[in-house]
Amino acid sequence: MTSEKIIGTSLVLGLIIFASSITPGPDFSVVKPAMAAGTLTRVNIVPLTNLAFYDTTLEFFFRTATTGTIKTIEIVFPVVGAAIDVRNATLIERSGLEPGTISGSFDPTTGQPKLTYTITTPSSVTSNQNVRLEVAKIVFRVVDPLSATITTKGTTGNIIDGPTQSPKFNMKFLILTPPNAVSQNLTNQSIIN
């Protein structure tokens with residue numbers, strides 16, 4: 001090995017050791033990407049009543065990933081049209097967020113049913129904040145495995161966390177049969193998945 005290669009190798013190793021021993025100070029800081037949206041965790045949707053064609057109550061659960069001032073939470077169901085009717089949605093209870101109102105509509109661009117929880121006086125919510133919304137008067141006209149995406153947005157409409165997909169949940173049809181129309185071993189009501 002020539003002396004030039006030995007010196008070159010020594011300089012490179014010295015530079016690597018020197019660079020790895022530097023700790024960031026006030027003049028040198030790690031640049032964070034501009035407000036990258038986080039992924040909500042512990043996302044779940046639980047139907048308290050799961051019968052299609054009847055008013056349904058759903059509980060929406062999630063944990064925030066990013067600290068930020070939340071103005072709205074959007075919950076979008078990935079079906080088009082009136083398969084899910086959210087227009088009469090009513091807020092029953094909430095936790096982990098300041099008071100607000102719920103509204104149901106169909107997204108004008110996609111036609112998908114959308115619930116929007118709007119906080120009356122937005123305030124900062126920390127990361128890892130558990131949130132629960134209980135919403136009634138949602139009508140499902142489908143029983144396929146369903147899910148939704150949940151997104152938290154700031155006061156300017158900027159996305160704070162999400163959209164994050166929920167696990168699937170199911171609805172059921174309730175079929176009423178007249179007495180004596182079927183075998184005596186069956187009841188007058190049957191529930192079908």
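The values are calculated or read from the model by the stated rules, or taken from the named source; none is laboratory data. These numbers come from a predicted model, not from an experiment. Glycine gets a Cβ as well: all are built from the backbone with ideal geometry, and neighbour counts include every protein chain shown. Protein only, heavy atoms only, side chains kept; ligands, DNA and RNA dropped before computing areas. Shrake-Rupley method; radii C 1.70, N 1.55, O 1.52, S 1.80 Å.
Per-residue answers, yes or no, for (1) in contact with a Pro (Cβ under 8 Å, 6 or more places away or on another chain); (2) closer than 23 Å to residue 160 by Cα:
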| site | (1), (2) |
| --- | --- |
| 44 | yes, yes |
| 56 | yes, no |
| 60 | no, yes |
| 71 | yes, yes |
| 95 | no, yes |
### Query
For the range 152-172, what are the residues that are assigned to a strand (DSSP E or B) and either under 11 Å from residue 43 (Cβ atoms) or under 15 Å from the mean Cα position of the chain (by Cα) (or both)?
152, 153, 159, 160, 161, 162, 163, 164, 165, 169
### Query
Here are some conditions: (1) out of contact with any strand residue (DSSP E or B) (no Cβ under 8 Å at 6 or more places or on another chain); (2) within 13 Å of residue 150 (Cβ to Cβ). Residue 109 meets all but one. Which one does it not meet?
(2)
### Query
Is it the case that residue 72 is surrounded by fewer than 19 Cβ atoms within 10 Å (Cβ to Cβ), under 23 Å from residue 37 (Cα atoms), under 13 Å from the mean Cα position of the chain (by Cα) and modelled with pLDDT of 95 or more?
yes
### the range 77-90 - residue that is open to solvent by 30 Å² or more (accessible area, probe 1.4 Å), hydrophobic (A, V, I, L, M, F, W, C) and within 19 Å of the chain's Cα centre (by Cα) and, of those, farthest from residue 148 (Cα to Cα)
80
### Task
Look at the range 124-146 and say how many of its residues are within 16 Å of residue 63 (Cβ to Cβ) and not hydroxyl-bearing (Ser, Thr, Tyr).
7
### Of all residues in the range 91-136 being within 15 Å of the chain's Cα centre (by Cα) and of a type in the set (A, V, I, L, M, F, W, C), the one that is surrounded by the fewest Cβ atoms within 10 Å (Cβ to Cβ)
97
### Task
Select from the range 156-193 the residues that are open to solvent by less than 90 Å² (accessible area, probe 1.4 Å) and at pLDDT 90 or above and list them in ascending order.
157, 158, 159, 160, 161, 162, 163, 164, 166, 167, 169
### Summary
With the first residue restricted to the range 54-74 and required to be in contact (Cβ under 8 Å) with a residue 40 or more places away in the chain, and the second required to be of a type in the set (Asp, Glu), Cβ contacts under 6 Å at 6 or more apart or on different chains are 59/134; 64/161; 65/161; 66/161
### Task
Search the range 38-51 for residues that are more than 22 Å from residue 137 (Cβ to Cβ) and pair each with any residue that is among the acidic types (Asp, Glu) and surrounded by 18 or more Cβ atoms within 10 Å (Cβ to Cβ) when their beta-carbon atoms are under 7 Å apart and the residues are at least 6 apart or on different chains.
38/161; 39/161; 40/161
